[in-house]
1. Can you name every residue in segment 273-300 that is buried (at least 20 other Cβ atoms within 10 Å of the Cβ) and under 29 Å from E247 (Cα atoms)?
2. Would you call V338 crowded, with 20+ Cβ neighbours inside 10 Å and within 30 Å of R277 (Cβ to Cβ)?
3. Going through segment 251-289 one residue at a time, which ones are within 29 Å of W366 (Cβ to Cβ) and part of a loop (DSSP other than H, G, I, E, B)?
4. Taking the residues in segment 123-141 that are without any contact (Cβ under 8 Å) to a residue 60 or more places away in the chain and buried (at least 24 other Cβ atoms within 10 Å of the Cβ) as candidates, determine which candidate is farthest from L293 (Cα to Cα).
5. How many residues, within segment 89-106, are closer than 11 Å to E49 by Cβ and touching a Leu at 6+ places or on another chain (Cβ under 9 Å)?
6. Tell me the residue from V124, V135 that is touching a helix residue (DSSP H, G or I) at 6+ places or on another chain (Cβ under 8 Å), assigned to a strand (DSSP E or B) and of a type outside the set (D, E, K, R), please.
7. Residues E131, E137: which one is over 13 Å from L48 (Cβ atoms), in contact with a Lys or Arg (Cβ under 6 Å, 6 or more places away or on another chain) and modelled with pLDDT of 95 or more?
Amino acid sequence: MSEPSRGRRALQRLALFLGATLFALLLAEVAVRALDLGPKRWAHPWHLESEDKRVGLDVYPDDPRDAFPLDLRDAATRARFAERLPEVERRWERTPHAVPFRYSAELCRGPAIGDEGARPRLLVIGDSFTEGQGVTEEGTFAAQLEAQLGGAVEVLNCGRRGYDFPRLAEWFDEKLAELDPDWVLYAFTPNDPQQSEAFHERQAFLNDWILDRRRMFTEEHAPAPSFWESRFAGLIGDRLEAAEVAEETTRWYREMVGEPNAEGWEATRAHVAAMARRMEARGGRFAVAMWPLFVDLGEAYPFAEVHEVVAEAFEAEGATVWDSLPAFRGRSAPELWVHPADRHPNEVAHGVFAEVIAAGMEEAGWRAADGADDADRGEGE
């Protein structure tokens, strides 16, 4: 065969390959558009709070689980909150589905706190997982725990969203003085440790495994690609970006309790040790209950080693530790989310967490009959 013939055949094969590839890409583009397989986008959920921080709403763009009790599209419902929460008028059209929040004078979630003294008092502190972002008051683990204990213990939910160490340590001191509890439970989440300045500067990721910020938009409408912009290429790019962000996020969480954040992790351990010592001096009890992140709760859960490091460290500092991860193993993480864009634990997850704590309290001998009387609280300080 002559050289020109070989060249023509090679060009024909190349043309056939390029044509087939182009056809496959065209089919993929048509399929992505027809099936609307592009990345799902949501209007940004918000937490609205009154100036005195006594009334709040968590608002969401939709209600796929039928779990949010308020519909702000109803004028009468809006009117109930408009005076205390003027931002409702700006948010309700895009985020009409809401969960109400009320706070005591001590800024703990729930009704006014009295000085009853008839039951042992369990003070619960932590961040948004404890406060119950996106969860009704009765759905929080604090409320479910009190019910599981038959009402024999007064459980005060003093979780505050956004509180990590060192703020959590200050909050513990404030609530100890104001509420005089018999027992304290700190609900740990993996982003709680104090961060050194250098380590904090690395926090450049967009997804913290709790809020899916990559898929939220804050402008009036979700930005839409032009007709000539490839949806298939956008889908592939989104998947690649998600994988890169996930890898960096996972590494950041793991290193928060490792050498890269040695200064911050050491300070966190010192805070927990001080909390445990203070409760011991009062003749009370102190424990740490550990939340997982709701990512992959199977064997591939990426933070199992973090749980082990934290549990061992806090126990060495004198705290009782109850890890809820075993109770969540094998469950579907999305079924435990508040919302597809908000991966805080929903009321089902809060119920599992409450069961872990109730079992831990029983095993450790935290019984209502053993609680200090009102007159005995605070002795030893």
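The values are calculated or read from the model by the stated rules, or taken from the named source; none is laboratory data. Keep in mind it's a predicted model, so treat the numbers as computed, not measured. Positions of Cβ are generated from backbone atoms using ideal geometry, with glycine treated the same way; all protein chains shown enter the neighbour counts.
1. So in segment 273-300, the residues buried (at least 20 other Cβ atoms within 10 Å of the Cβ) come out as 275-276, 279, 282, 284-294.
Once the filter is applied, which keeps residues that are buried (at least 20 other Cβ atoms within 10 Å of the Cβ) and under 29 Å from E247 (Cα atoms), segment 273-300 yields V288, A289, M290, W291, P292, L293, F294.
2. Values: crowded, with 20+ Cβ neighbours inside 10 Å: yes; within 30 Å of R277 (Cβ to Cβ): no.
So V338 fails the test.
3. The answer is V257, R282, G283, G284.
4. That would be E131.
5. Matching residues across segment 89-106 total 1.
6. Values: V135 fails: assigned to a strand (DSSP E or B).
That would be V124, the only listed residue that is touching a helix residue (DSSP H, G or I) at 6+ places or on another chain (Cβ under 8 Å), assigned to a strand (DSSP E or B) and of a type outside the set (D, E, K, R).
7. Working: E137 fails: in contact with a Lys or Arg (Cβ under 6 Å, 6 or more places away or on another chain).
Selected residue: E131, the only one of E131, E137 that is over 13 Å from L48 (Cβ atoms), in contact with a Lys or Arg (Cβ under 6 Å, 6 or more places away or on another chain) and modelled with pLDDT of 95 or more.
Okay, residues lined up against (1) modelled with pLDDT of 80 or more; (2) surrounded by 11 or more Cβ atoms within 10 Å (Cβ to Cβ); (3) under 19 Å from V135 (Cα atoms):
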{"position": "L22", "(1), (2), (3)": "no, no, no"}
{"position": "R33", "(1), (2), (3)": "no, yes, no"}
{"position": "P45", "(1), (2), (3)": "yes, yes, yes"}
{"position": "A75", "(1), (2), (3)": "yes, no, no"}
{"position": "E87", "(1), (2), (3)": "yes, yes, no"}
